[in-house]
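Here's the structure, in structure tokens; my notes come after.
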Amino acid sequence: MSQQAPPSWFTDAISFPYRRRDVVVAGCTINYLVWGEPDRPPLVLVHGGAAHAMWWSVHACELARHYCVIAPDLSGHGDSGRRQAYPMEAWAEEVLAVSEHAAAGRAPVLVGHSMGGLVSIVAAALYGAERLAGAIIVDAPVRRPDPESLEGKGGNTFRGAKTYPDLETGRAHFRLVPAQPCENGFILDHIAGHSLRQTAQGWTWKFDPRVFLRVTTTSTRDYLARVRCRVALMRGEFSAIVPPETGEYMVELLNRNAPLVEIPQAHHHLMLDQPLAFIAALRALLADWEHSVPRR
């Protein structure tokens with residue numbers, strides 16, 4: 001896909017060692033990855049729709065300096081099992097179960113991108129400060145008056161899992177959804193290589209197309225208004241999913257008690273567009289939380 005030579009920070013990041021573990025949650029095996037020392041504060045990174053834990057492998061190396069970095073494959077994604085239905089509440093339960101399994105029950109900070117941000121909102125509303133140290137919501141839309149889809153206008157853009165004759169053909173068809181430019185082709189190549197699985201018919205995407213069939217009855221707007229722990233918001237400067245007015249509405253729902261951080265020169269997939277800026281902003285937020293008291 002990409003002819004761009006990867007920089008040294010990237011090659012160092014993807015060669016950083018990690019551990020692969022799993023835990024059974026409500027009858028489904030959930031795969032997850034862990035970077036860093038287990039006694040450090042837990043930081044749980046939650047991927048977006050049709051993505052998987054390895055999307056975070058680019059960032060985990062830097063974050064593991066100070067945190068135990070945990071990234072689950074939500075059910076229906078990556079190397080985790082599949083369910084008959086995928087309510088947001090079930091994914092929130094998986095995120096908490098993975099954190100407790102990996103970090104001995106210590107309260108984590110959640111960092112969720114896109115659909116993973118919506119899952120983190122649900123978890124923050126349901127479990128609050130009793131079980132979470134905070135939640136950072138990354139370019140996940142909660143719209144006025146109600147979000148009609150997870151990933152933006154048009155609802156489910158994924159029509160089904162195509163099959164390819166070999167891995168390289170499949171990798172060549174990897175695309176970001178929604179479509180956007182991304183100058184870091186080496187990151188897309190890396191993610192694409194972990195996004196397919198081999199079947200008897202050939203190579204196909206790892207996600208279950210049914211993950212986009214919504215069964216949650218409570219709106220994400222209502223969940224965001226009920227968040228009971230520290231929360232921060234991030235958006236990409238050029239995001240079509242969380243434009244400025246959507247970010248402002250989310251701040252209003254949080255009673256203006258949360259920062260909204262904009263990552264410059266970034267679209268919806270801001271952690272791929274501007275990975276170093278994303279890491280710096282994330283570490284700044286986390287450092288502030290470690291040395292300040294939440295405003296009531």
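The values are calculated or read from the model by the stated rules, or taken from the named source; none is laboratory data. Just so you know, these numbers come straight off a predicted model, no measurement behind them. Quick reminder, even Gly has a Cβ in these numbers, built from the backbone with ideal geometry, and neighbours come from all protein chains shown. The accessibility values were calculated without ligands, DNA or RNA, using every heavy atom of the protein model including side chains. Shrake-Rupley method; radii C 1.70, N 1.55, O 1.52, S 1.80 Å.
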*Alpha carbons only, please: Rg and Dmax for the stretch 1-86, in angstrom.*
14.1, 44
*Area accessible to solvent at residue 283, 1.4 Å probe radius, in Å²*: 70
_With the crude spin-label approximation of a point 7 Å out along Cα→Cβ, what separation in nm comes out for residue 226 versus residue 200?_
4.5
_With a cut-off of 8 Å between alpha carbons and a minimum separation of six or more residues, what is the relative contact order of the chain in percent?_
18
*Note down the net charge around residue 208, summing +1 for each Lys or Arg and -1 for each Asp or Glu among other residues with Cβ under 9 Å from its Cβ.*
+4
_Suppose the Debye formula is applied to equal point scatterers at every Cα of the chain; what is log10 I(q)/I(0) at q = 0.11, 0.13, 0.14, 0.15 Å⁻¹?_
-0.59, -0.86, -1.02, -1.20
*asked:* Run the simple label-point estimate for residue 292 and residue 14 please: 7 Å along Cα→C-beta, distance reported in nm.
replied: 3.6
_Sequence of 91, 55 from largest to smallest accessible area, 1.4 Å probe_ = 55, 91
*How many nm is it between the label spots at residue 37 and residue 172, if each spot is 7 Å from the Cα in line with the beta carbon?*
4.7
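Got a sec? What order do 175, 226 fall in by accessible area at 1.4 Å, biggest, i.e. largest, first?
Numbers: 175 155, 226 115 Å².
These residues rank, largest area first, as 175, 226.
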_Difference of contour (0.36 nm per residue) and Cα-Cα distance, residue 256 to residue 106_ = 51.2 nm
*Percent of accessible area on the chain owned by carbon and sulfur, 1.4 Å probe?*
51
*In Å², what does the accessible area per residue of the chain work out to with a 1.4 Å probe?*
43
*What accessible area, in Å² to the nearest ten, does a 1.4 Å probe give for residue 210?*
80
*How large is the helix-only mean residue ellipticity at 222 nm for the chain, computed as the sum of -39500 (n - 2.57) over DSSP H runs with n ≥ 4, divided by its residue count, in deg cm²/dmol to the nearest 500?*
-10000 deg cm²/dmol
*With every protein chain left in place, what is the accessible area of residue 231 in Å² (1.4 Å probe, nearest 10)?*
10
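Kindly identify the stretch 163-296 as rounded, prolate or oblate by the Cα gyration tensor criterion: order the square roots of the eigenvalues as a ≥ b ≥ c, call it rounded if a/c is under 1.5, otherwise compare a/b with b/c, prolate if a/b is larger, else oblate. Provide the component values of the computation, followed by the final result.
Working: a/c = 2.41, a/b = 1.71, b/c = 1.41.
The shape class here is prolate.
Under a 1.4 angstrom probe, counting protein chains only, how are 39, 12, 189 ranked by accessible area, largest first?
Values: 39 120, 12 90, 189 25 Å².
Heavy-atom accessible area, descending, gives 39, 12, 189.
Highest first, please rank the peptides 266-275, 248-257 by the mean number of other Cβ atoms sitting within 10 Å of their residues.
Values: 266-275: 24.3, 248-257: 15.8.
The peptides rank, most packed first, as 266-275, 248-257.
Just to be sure I understand the rule: take each whole DSSP H helix in the chain, project its Cα atoms onto its long axis, keep it if the span is 18 Å or more and its mean Kyte-Doolittle hydropathy is at least -0.5. Which ones pass? Provide the component values of the computation, followed by the final result.
Numbers: long enough: 88-103 (22 Å, 0.26); 115-131 (23 Å, 1.08); 275-290 (22 Å, 1.09).
In the chain, the long hydrophobic H runs are 88-103, 115-131, 275-290.
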